[in-house]
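Here the structure is laid out as structure tokens; the discussion comes afterwards.
The values are calculated or read from the model by the stated rules, or taken from the named source; none is laboratory data. Everything numeric in this text was worked out from a predicted model, so none of it was measured. Heads up, the Cβs are rebuilt from the backbone with ideal geometry, glycines too, and the neighbour counts pull from every protein chain shown.
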Amino acid sequence: MTKAVTSKAKRIGMTGDEAVANAAAVINPDVVAAYPITPQTIIVEHFSEFVNNGEVDTEFVCVESEHSAMSACVGASVTGARVFTASASQGVALMYEILFIAAASRLPIVMAVANRALSGPINIHGELTDQTVCRDTGWISMFSESAQEAYDNTFLAFKIGEHPDVSLPVMFGLDGFILTHALEGVSPLDRKFVKDFLPERQMKYPTIPGNPVSSGLLALPDYYMEVKYQQELAMEAARKVIPKAFEEFGEKTGRYYGMIEEYQMEDAKTALVTMGALSGTTKFVVDKLRKNGEKVGMIKVKTYRPFPGTELAKALKDVEAVGVIDRDLTFGAPGPALYSDLKTTLYNYKNRPQIFGFIAGIGGRDVLVEDFEHIYKQVLNLKGTEKPVPIEWVGLRK
């Protein structure tokens, strides 16, 4: 019988999926509505066992599709319930329509995304495109480097999304199989922590029987633009709320996060920028290059939406050249998601580095230490060039 790990007394071996399921069990949300899809299935399977064992009193809703899962989440959240779900790849694509509705309705639903390549061809392995394509839905978006970070992101997502100045849905990703199925040590938290860190959510419409309301109504041109602007204001408010949530979490757990994480950046002249599980290998490569006297650093983008432009500009102001490593695709665009956002952000800054883009790890392809070293050498070789440089696909068979 599976039991939720709720003690912070020792470090426990968990896969990323198990870590997220355990974190959700500690939080004990009011409603979970989900549909299984590889490599996310373990999250909802484990959580359903916690429900069956009576370890949580969550209303677990089994639905026939991901579209229905997000629709059920919207219906529950609009009453004020604390709501969680999880999905991946084609599942996220199927619920895409409802993602916009959740954000426009200002519903702080939390969704774990087991990042997986989108079909076709069919591929069940790791890639971040399923989440980066949601960048315009109005959801706050974060990524995880490790199982521990995925575990912690579960708590942080509720903390951020439910803040009264924000009230937006939050998704956080963990790379398919690389994190979802790999066993790592995780330091768990308990329900006392949840009680202190996540105050009980106030019901949005506590007197519905005597005060009927409507939600998700038609908005014609005279109101639609104002609704969208309010969403933008909420996303801007999240820029202030997120660092405070990270700080409070760090003070209570000893695990501190930022919208970005700078690594060996103090005197770096060259930097590599990543998101998700690639960040761990990048740190290893940076350490190896540093031993050889290379002034290289690394920046991990943890919070993708709202995009941490100010933080990145500050971190890169003394850097000469940057290699952005994307594990996602944006066809026909000047570059993939992270590369394009960073380049756009830095365009108006006088002191900005040259930026070169790389696509790696698509469809779960391994990204080796040698690949990162190649990227670094390419950035050095390209530095100073005045001609446009195309995005390079790393590890591509030709």
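If you go through the stretch 244-286 and keep only what is charged (D, E, K, R), without any contact (Cβ under 8 Å) to a residue 40 or more places away in the chain and in a helix (DSSP H, G or I), you end up with Lys244, Glu247, Glu251, Lys283.
Filtering the stretch 102-127 to residues that are more than 21 Å from Thr15 (Cβ to Cβ), among the hydrophobic types (A, V, I, L, M, F, W, C) and part of a loop (DSSP other than H, G, I, E, B) leaves Leu107, Ile109, Leu118, Ile122. Per the listing Lys300, Lys317, the residue uniquely touching an Asp or Glu at 6+ places or on another chain (Cβ under 6 Å), at pLDDT 95 or above and either among the basic types (Lys, Arg) or closer than 16 Å to Glu145 by Cβ (or both) is Lys300.
Within the stretch 65-76, the set of residues being surrounded by 15 or more Cβ atoms within 10 Å (Cβ to Cβ) and within 16 Å of Val92 (Cα to Cα) comprises Glu66, His67, Ser68, Ala69, Met70, Ser71, Ala72, Cys73, Val74. Scanning the stretch 310-327 for residues that are closer than 20 Å to Val394 by Cα and surrounded by fewer than 24 Cβ atoms within 10 Å (Cβ to Cβ) yields one hit, Ala321.
The residues on offer are Ala117, Ala81, and the sole one that is touching a Gly at 6+ places or on another chain (Cβ under 7 Å) and in the same structural domain as Tyr224 (by TED's automatic domain parsing) is Ala117. Within the stretch 166-182, none of the residues are out of contact with any helix residue (DSSP H, G or I) (no Cβ under 9 Å at 6 or more places or on another chain) and not assigned by TED's automatic domain parsing to the domain that holds Gly363. Filtered by the rule that a residue be in contact with a helix residue (DSSP H, G or I) (Cβ under 7 Å, 6 or more places away or on another chain), without any contact (Cβ under 8 Å) to a residue 60 or more places away in the chain and polar (S, T, N, Q), the stretch 322-359 gives a lone residue, Thr345. Filtering the stretch 310-334 to residues that are within 22 Å of Leu382 (Cα to Cα), over 20 Å from the mean Cα position of the chain (by Cα) and not in a helix (DSSP H, G or I) leaves Leu316, Lys317, Asp318, Val319, Glu320, Ala321, Val322, Gly323, Ala333, Pro334. Scanning the stretch 77-88 turns up no residue that is surrounded by fewer than 24 Cβ atoms within 10 Å (Cβ to Cβ), in a helix (DSSP H, G or I) and modelled with pLDDT of 95 or more.
Select from the stretch 287-309 the residues that are under 19 Å from the mean Cα position of the chain (by Cα) and outside any loop (DSSP other than H, G, I, E, B) and write down the one among them that is surrounded by the fewest Cβ atoms within 10 Å (Cβ to Cβ). Taking the candidates together, the pick is Gly309.
Residues that are surrounded by fewer than 21 Cβ atoms within 10 Å (Cβ to Cβ), among the hydrophobic types (A, V, I, L, M, F, W, C) and under 18 Å from Leu128 (Cβ atoms) within the stretch 331-359 comprise Phe331, Ala333, listed in sequence order. Residues in the stretch 31-64 that are surrounded by fewer than 20 Cβ atoms within 10 Å (Cβ to Cβ) and within 22 Å of the chain's Cα centre (by Cα): 4 in all.
A residue that is surrounded by fewer than 17 Cβ atoms within 10 Å (Cβ to Cβ), of a type in the set (Val, Ile, Thr) and in a loop (DSSP other than H, G, I, E, B) occurs nowhere in the stretch 219-234. Scanning the stretch 8-65 for residues that are assigned to a strand (DSSP E or B) and closer than 15 Å to Ala182 by Cβ yields a count of 4.
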